[in-house]
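The values are calculated or read from the model by the stated rules, or taken from the named source; none is laboratory data. On a predicted model such as this, the values are computed, not experimentally measured, just so you know. Here the Cβ positions follow ideal geometry from the backbone for every residue, glycine too, while neighbour counts run over all protein chains shown. Protein only, heavy atoms only, side chains kept; ligands, DNA and RNA dropped before computing areas. Shrake-Rupley method; radii C 1.70, N 1.55, O 1.52, S 1.80 Å.
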Amino acid sequence: MNVTVVGAGVAGLTVATELVERGCKVEVIDRSEGFGRDTCSWYAGGMLAPWCEGDTAEEPVVRLGQEAIGWWRRHVPDVIEQGSLVVAPSRDTGELARFARRTEAHRTIDADQLTRLEPDLHGRFRQALFFDAEAHLDPRKAIAALAKKLDQSGVAISYGTSVEDHRVSGSVIVDTRGFAARDVLKDLRGVKGEMLVLKARGVEFSRPVRLLHPRLPVYIVPRGDGHFMVGATQIEAEDRGRITARGMVDLLNAAYAVHPAFAEAEIIETGADVRPAFPDNLPRLRWHGRTLHVNGLFRHGFLLAPACARMAAEAISSPGYKPELMYEDHRERSIA
Ligand SMILES: Cc1cc2nc3c(=O)[nH]c(=O)nc-3n(C[C@H](O)[C@H](O)[C@H](O)COP(=O)(O)OP(=O)(O)OC[C@H]3O[C@@H](n4cnc5c(N)ncnc54)[C@H](O)[C@@H]3O)c2cc1C
């Protein structure tokens, strides 16, 4: 079967990978000039943290997200399986207890155990939650690795190619345009996220650290070589724009609360983009004619793309199969 995948973000490249593995002939097109700042996936933290997400997310996110670590380990190098940590300032220890009640697969550790895991957090927190089965990756390297593997399988990604100007060759089209698909998916909304990349001397982490805060929960993801991704705000707004002063102040304050060395950090990058989300913040697969939409990954792009891609590939290769994330809505039209 010939399939055209529209969009080369995390949704598009995971679907393309699953389809190739099932023997489909795949082409991928993307309107941007290459993987970068035009793509929401560029800004992700890359946490593969299904149990932590259970604090705010629905049950399918926790369950389906558990497929992610194994999937990424099988397909890209450098999946770091060191777990993740959740901490709270001493005045907010109630937040830690609340987070522990709402999530699973963690254990409470004391200050000494925390120091053994992350020596640079010595003396910073009296308690933490350790989710030892979680993992993280660098989204930019992961997308590059997927693109390379696809290329080796004979799937070229045609950048600079908008679906509107392209003669689609596939008998099936998979629309993974993210928020740009709002032209046809009318209930898709944008949730703005802001992030920073800092370079800090004198502080090293081996795993993501989440700081609980009643107003702005923040995570810090180590990217190696003293670099850290600090994210992310969550604003009901649809402008991609730049990071706001408030977002910058909140993210920097939170990083500083985790470790004072972040006060001296260089700000390497600031970024903001719009996460594609449906009203319940769960992803959806939808058929419209010969187009299958895979969208609504919200703040769980790298976490849920493997499960969505598996379901999309099964739906394409086994007519009649209806995955749990398949929603019917015939009011909308397809892109081709
Ligand atoms: C600050 C921030 C932090 C985040 N942190 C995390 C995290 O830690 N973990 C996690 O799992 N998720 C995270 N996310 C969410 C994640 O980034 C998104 O869920 C994910 O990137 C959505 O992927 P996508 O492939 O659907 O869309 P995109 O990545 O936006 O890809 C869509 C692609 O479609 C292309 N396109 C659009 N229109 C057309 C057209 N007409 N023709 C051809 N191509 C087109 C675009 O150029 C783009 O490349 C974060 C998001 C943000 C903003």
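Here are some notes:
- Restricting region 235-259 to residues that are touching an Asp or Glu at 6+ places or on another chain (Cβ under 9 Å) and within 25 Å of Ala180 (Cα to Cα) leaves a set whose member that is surrounded by the fewest Cβ atoms within 10 Å (Cβ to Cβ) is Arg242.
- Annotation for region 269-279: no member residue is buried (at least 21 other Cβ atoms within 10 Å of the Cβ), modelled with pLDDT of 95 or more, closer than 19 Å to Glu204 by Cβ and among the β-branched types (Val, Ile, Thr).
- Considering Arg201, Arg246, the condition of being more than 12 Å from the ligand (Cβ to nearest atom) and outside any loop (DSSP other than H, G, I, E, B) is satisfied by Arg246 alone.
- Residues satisfying the stated conditions in region 287-301, i.e. open to solvent by 10 Å² or more (accessible area, probe 1.4 Å) and closer than 24 Å to Glu238 by Cα: Leu297, Phe298, Arg299, Gly301
- Residue under evaluation Ser41, criteria (1) open to solvent by 40 Å² or more (accessible area, probe 1.4 Å); (2) in contact (Cβ under 8 Å) with a residue 40 or more places away in the chain, criterion not met: (1)
- Selection over region 24-44 of residues that are near the ligand (Cβ under 6 Å from one of its atoms) and at pLDDT 95 or above gives a count of 9.
- Candidates in region 141-158 are the residues that are surrounded by 16 or more Cβ atoms within 10 Å (Cβ to Cβ) and within 11 Å of the ligand (Cβ to nearest atom); of these, the one that is farthest from Pro77 (Cα to Cα) is Ile157.
- The set of residues from region 213-234 being assigned to a strand (DSSP E or B) and open to solvent by 10 Å² or more (accessible area, probe 1.4 Å) comprises Tyr219, Pro222, Arg223, Gly224, His227.
- Residue in region 92-108 that is polar (S, T, N, Q), surrounded by fewer than 20 Cβ atoms within 10 Å (Cβ to Cβ), farther than 26 Å from Glu269 by Cα and not assigned by TED's automatic domain parsing to the domain that holds Glu21 present: yes
- Out of Arg286, Arg290, one residue alone is closer than 20 Å to Ile173 by Cβ and in contact with a His (Cβ under 6 Å, 6 or more places away or on another chain). It is Arg286.
- Here Ala200 meets the list (1) among the hydrophobic types (A, V, I, L, M, F, W, C); (2) touching a helix residue (DSSP H, G or I) at 6+ places or on another chain (Cβ under 6 Å); (3) at pLDDT 95 or above; (4) open to solvent by 20 Å² or more (accessible area, probe 1.4 Å) almost entirely, failing just condition (4).
- Out of Arg210, Arg177, one residue alone is crowded, with 17+ Cβ neighbours inside 10 Å, within 11 Å of the ligand (Cβ to nearest atom), in contact (Cβ under 8 Å) with a residue 12 or more places away in the chain and not assigned by TED's automatic domain parsing to the domain that holds Arg246. It is Arg177.
- Region 10-23, residues that are touching a strand residue (DSSP E or B) at 6+ places or on another chain (Cβ under 7 Å) and either at pLDDT below 95 or more than 11 Å from Leu146 (Cβ to Cβ) (or both): Ala11, Leu19
- The set of residues in region 120-152 that are free of Cβ contacts under 8 Å to residues at least 12 places away in the same chain and assigned by TED's automatic domain parsing to the domain that holds His227 contains only His122.
- Apart from one condition, Ala305 fits all of (1) in contact with an Asp or Glu (Cβ under 8 Å, 6 or more places away or on another chain); (2) at pLDDT 95 or above; the exception is (1).
- Scanning region 44-62 for residues that are among the acidic types (Asp, Glu), within 18 Å of Pro283 (Cβ to Cβ) and either open to solvent by 20 Å² or more (accessible area, probe 1.4 Å) or more than 14 Å from the chain's Cα centre (by Cα) (or both) yields Glu58, Glu59.
- Matching entry among Ile69, Ile109, Ile157, Ile80 (being among the β-branched types (Val, Ile, Thr) and over 26 Å from Leu212 (Cα atoms)): Ile157
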